[in-house]
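Some notes on the structure that comes next.
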Amino acid sequence: MGKVGWWLVDVLSRALPADEGLAARGDLTESAVPARRAVREMLGLVLRRQAVEWARPRPWLALLTVALPSGILLGNLAQFWSQGSAAYLWLFVTGADPRSLNGTVWRIGAQELAALAPWLGLNAVTVAAWAWVAGSAVRSMAHRAILTVAPAFLAALVLGTVGAVPIGGFSGSAPSSTVLYGVIVPALLRVGLVALPLLGGLMLDSGSAPLRRIRTLAALTLGVLALRALAPLEIALLGGWTTALVVRGHWAFRFGLAMLMVWPAAYVLFCRDSPKRYLRASSGGVD
């Protein structure tokens, strides 16, 4: 493996606390072990440290209350809204008759076209804020277990929509018949408005004052826009044409969705910046 192996050792060592990572890297260098064995030993050390983290409640809290539910809900909502956005962008760019979308949930009258710009903007802000805030909350809750919680979050985001039945007739509409508006535009919207903000929340420490202000603003924005997103989120999860399901429109179901949406924002606003609590949690102490 040679240089590649030692590069992997360096990458893995960054998953450990700085002093422990440097010490482990130095021990492997001094022992002059082959690169393959060095990678195996460093990986084993990282996995053992991750296992220790999972013996504490915080990684489970991050996984079960934010990563998995937010990943599934955000993935479905983003897919639903990205299809609608692609349909409306197709109308603007091609100058097609709005009646082309009749028979879909995205049907719109000619007099309503002016309202599309605010609709598109608010949707973009909602999913981007949700992704950033959820990523930031998971990073804080999971602490050093972020290495295993973050992949679970990303997997829920992607796999949560696998096998989902197309909603609202988009799959049979005129824009969906083109590669650009049926595939590329929705994918780019989900990457730019969901995946990238999520990775930012997961990877950036938010220690600087500008990042803290952005994170706080995103949390407040999510709290304000959550109610607006409930009905589309319900449609994305249960299907726009389904009326027989008992939970659809039920106050308890919508209340649960609302709580799952605003919980990351509430955590970021009221719990995340408690230095003493995090210090004790990271060292295994009890609050």
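The values are calculated or read from the model by the stated rules, or taken from the named source; none is laboratory data. Quantities reported herein were computed from a predicted structural model and do not represent experimental measurements. Cβ sites come from the backbone with ideal geometry, for glycine too, and all protein chains shown count toward neighbours.
Answer yes or no as to whether residue 36 is touching a residue at least 60 places away in the same chain (Cβ under 8 Å), in a helix (DSSP H, G or I) and more than 30 Å from residue 186 (Cα to Cα). Reasoning before the result, please.
Working: touching a residue at least 60 places away in the same chain (Cβ under 8 Å): no; in a helix (DSSP H, G or I): yes; more than 30 Å from residue 186 (Cα to Cα): yes.
Here the answer is no, as residue 36 does not meet what is asked.
Going by the conditions given, is residue 252 modelled with pLDDT under 85, crowded, with 18+ Cβ neighbours inside 10 Å and either farther than 24 Å from residue 271 by Cα or of a type in the set (Gly, Ala, Ser) (or both)?
Considered against the rule, which asks whether it is modelled with pLDDT under 85, crowded, with 18+ Cβ neighbours inside 10 Å and either farther than 24 Å from residue 271 by Cα or of a type in the set (Gly, Ala, Ser) (or both), residue 252 comes out as no.
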Assuming residue 18 fulfils every condition listed in (1) over 30 Å from residue 178 (Cα atoms); (2) in contact with a helix residue (DSSP H, G or I) (Cβ under 6 Å, 6 or more places away or on another chain); (3) without any contact (Cβ under 8 Å) to a residue 60 or more places away in the chain apart from one, which condition is it? (2)
Kindly evaluate residue 157 against the criterion of being surrounded by 17 or more Cβ atoms within 10 Å (Cβ to Cβ), under 19 Å from residue 229 (Cα atoms) and in contact (Cβ under 8 Å) with a residue 40 or more places away in the chain. yes
For residue 114, work out the one condition from (1) crowded, with 23+ Cβ neighbours inside 10 Å; (2) free of Cβ contacts under 8 Å to residues at least 12 places away in the same chain it doesn't fulfil. (1)
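Could you check segment 255-287 and list, in sequence order, the residues that are modelled with pLDDT of 85 or more and either surrounded by 14 or more Cβ atoms within 10 Å (Cβ to Cβ) or more than 23 Å from residue 64 (Cα to Cα) (or both)?
Initial filter on segment 255-287 (modelled with pLDDT of 85 or more): 255-270.
Across segment 255-287, the qualifying residues are 257, 258, 260, 261, 262, 263, 264, 265, 266, 267, 268, 269.
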Leading residue by the ranking (nearest to residue 268 (Cα to Cα)) among those in segment 141-154 that are surrounded by 23 or more Cβ atoms within 10 Å (Cβ to Cβ) and modelled with pLDDT of 90 or more: 141
Scan segment 21-48 residue by residue and report those that are more than 36 Å from the chain's Cα centre (by Cα) and closer than 11 Å to residue 6 by Cβ. 28, 29, 33, 34
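Being assigned to a helix (DSSP H, G or I), more than 26 Å from residue 133 (Cα to Cα) and either in contact with a helix residue (DSSP H, G or I) (Cβ under 7 Å, 6 or more places away or on another chain) or not polar (S, T, N, Q) (or both), is that true of even one residue in segment 71-87?
Taking segment 71-87 as the starting set, the residues that turn out to be assigned to a helix (DSSP H, G or I) are 71-87.
Filter again for more than 26 Å from residue 133 (Cα to Cα), leaving 87.
With either in contact with a helix residue (DSSP H, G or I) (Cβ under 7 Å, 6 or more places away or on another chain) or not polar (S, T, N, Q) (or both) added as a condition, the list becomes 87.
So far as segment 71-87 goes, yes, one or more of its residues are assigned to a helix (DSSP H, G or I), more than 26 Å from residue 133 (Cα to Cα) and either in contact with a helix residue (DSSP H, G or I) (Cβ under 7 Å, 6 or more places away or on another chain) or not polar (S, T, N, Q) (or both).
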Is it fair to say residue 213 is in the same structural domain as residue 143 (by TED's automatic domain parsing), without any contact (Cβ under 8 Å) to a residue 24 or more places away in the chain and either over 25 Å from residue 87 (Cβ atoms) or part of a helix (DSSP H, G or I) (or both)? yes
